[in-house]
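Novice: Okay, handing you the structure first.
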Amino acid sequence: MDRFLTIDSTKGGNGDIWMRLVGFYAVADLLPGFKLRICIPSYFRTLAEFAFGDKLTIVTDSSFKVDLEYTNLGIRHLYKDLLKGKRFISPYQRAVIQDKKKKELKDYVNTWIFNAADRLGVVQIPAAKWISGYQGYLDIIGIKKLRHISYENFTIQVEKQHVRLIEKFRQPVPASVELNIPGDLKEYTVVFPNGTGRQFVPLWWAKKHMPDAYYAFFANDSYADTFKNAGLKIIRFYRSEDIIRLAQEARWTVSTDSFPSHLLQTATNKCTILITGTLKGRIVSPAFKGKVVDADATCHPCLHLARDLHPLCAAGHSECINWHLHAYTSNILKSVCELADHS
């Protein structure tokens, strides 16, 4: 008899939600009798159903009884819901503590509390040994019913499904009506330079090293005007589908380790992913066949701090120091030049 597990995956960053879908898509093949119903934000539905709808049941409403809900909150913020019988998955708690350069007493206390909550099954967390692994795997093995799935089997399945997904995305993704695709984009690289943390491409770097590229921004991003006023070519996009459509049209694509990078890993191999703060193995799919430029900064990895709230990173810099390192820049430019044998 088919079993349904209903997961509320509306919480977290957009990149986190997408990596979960990649993970659950692999589960659907590995455990074909285990039916998954995934609740996601409504703005993701069209693209998620296009990519994963043949294996996953995608919903955007709360009319279903939820078995588990993703959260990044601490126990003190969850206890009222726990008393009401709600159950959670917290894949981030271990990662945040792991990435801290200096542990505090409260970190050890929190680890003990979450371990106890996991044993009780009320807040489920992934095993510590996988903390540097792909987030799409961490998010699924936090769930007790899925912990028997090995990383090896998961990786094999993700690589198989990557071929399937790339084939799907050979068809042009319907773009928003507002998207203006430059007629000469096929001759140029499109760069997705932004991110909520310290990963954004500095204007000075863009002008010095990739002045001929197109720079793509969400329509309401104020940095778009900054780049435009500096004489750089910009594209404004409006929906998630637009990100993939631009990549389909461009000669090559470059993205910082922010939300667009996760969509691009699923849809194309003609892409360079730039690692700034996060561990490469945690956010780059094991099936991705494009280029990855790893961080070269001594302070890597670093905690994610929203730059609109924190003018300096944890190491005290206003912008990621990777952009000032010759080897990092050289590897980016080299990756854009090596365009052969990509599909």
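The values are calculated or read from the model by the stated rules, or taken from the named source; none is laboratory data. Quantities reported herein were computed from a predicted structural model and do not represent experimental measurements. Heads up, the Cβs are rebuilt from the backbone with ideal geometry, glycines too, and the neighbour counts pull from every protein chain shown. Surface areas here come from the heavy atoms of the whole protein model, side chains and all, with no ligands, DNA or RNA. Shrake-Rupley method; radii C 1.70, N 1.55, O 1.52, S 1.80 Å.
Novice: Filter the stretch 190-220 down to residues that are among the hydroxyl-bearing types (Ser, Thr, Tyr) and under 21 Å from the mean Cα position of the chain (by Cα) and give me whichever is surrounded by the fewest Cβ atoms within 10 Å (Cβ to Cβ).
Specialist: Thr196
Novice: Being assigned to a loop (DSSP other than H, G, I, E, B) and open to solvent by less than 30 Å² (accessible area, probe 1.4 Å), is that true of even one residue in the stretch 233-248? Before you say what the answer is, go through the steps one by one.
Specialist: Here is the first cut: in the stretch 233-248, the residues assigned to a loop (DSSP other than H, G, I, E, B) are 238-239.
Those left that are additionally open to solvent by less than 30 Å² (accessible area, probe 1.4 Å): none.
No, every residue in the stretch 233-248 fails to be assigned to a loop (DSSP other than H, G, I, E, B) and open to solvent by less than 30 Å² (accessible area, probe 1.4 Å).
Novice: Quick one: which residue in Val27, Val22 is surrounded by 15 or more Cβ atoms within 10 Å (Cβ to Cβ) and either touching a strand residue (DSSP E or B) at 6+ places or on another chain (Cβ under 9 Å) or part of a loop (DSSP other than H, G, I, E, B) (or both)? It would help to see each step written out before you state the result.
Specialist: Details: Val22 fails: either touching a strand residue (DSSP E or B) at 6+ places or on another chain (Cβ under 9 Å) or part of a loop (DSSP other than H, G, I, E, B) (or both).
Only one candidate qualifies: Val27.
Novice: Residue under question is Ile140, and the condition is that it be of a type outside the set (Ser, Thr, Tyr), assigned to a helix (DSSP H, G or I) and without any contact (Cβ under 8 Å) to a residue 60 or more places away in the chain; does it hold?
Specialist: Here the answer is no, as Ile140 does not meet what is asked.
Novice: Out of the residues in the stretch 145-162 that are within 22 Å of Thr6 (Cβ to Cβ) and of a type in the set (D, E, K, R), which is most open to solvent (accessible area, probe 1.4 Å)?
Specialist: Top of the filtered list is Lys145.
Novice: Would you be able to say whether some residue in the stretch 277-297 is in contact (Cβ under 8 Å) with a residue 60 or more places away in the chain, open to solvent by less than 40 Å² (accessible area, probe 1.4 Å) and touching a Cys at 6+ places or on another chain (Cβ under 9 Å)?
Specialist: Scanning the stretch 277-297, I find at least one residue that is in contact (Cβ under 8 Å) with a residue 60 or more places away in the chain, open to solvent by less than 40 Å² (accessible area, probe 1.4 Å) and touching a Cys at 6+ places or on another chain (Cβ under 9 Å), so the answer is yes.
Novice: Of all residues in the stretch 178-232, count the ones that are in a loop (DSSP other than H, G, I, E, B), more than 21 Å from Gln248 (Cβ to Cβ), in contact (Cβ under 8 Å) with a residue 60 or more places away in the chain and not β-branched (Val, Ile, Thr).
Specialist: 6
Novice: Restricting to the stretch 118-138, give me the number of residues that are more than 23 Å from Leu279 (Cα to Cα) and either open to solvent by 10 Å² or more (accessible area, probe 1.4 Å) or touching a Gly at 6+ places or on another chain (Cβ under 6 Å) (or both).
Specialist: Restricting attention to the stretch 118-138, the residues satisfying the condition of being more than 23 Å from Leu279 (Cα to Cα) are 118-123.
Next cut, either open to solvent by 10 Å² or more (accessible area, probe 1.4 Å) or touching a Gly at 6+ places or on another chain (Cβ under 6 Å) (or both) only: 118-122.
Total meeting the criteria: 5.
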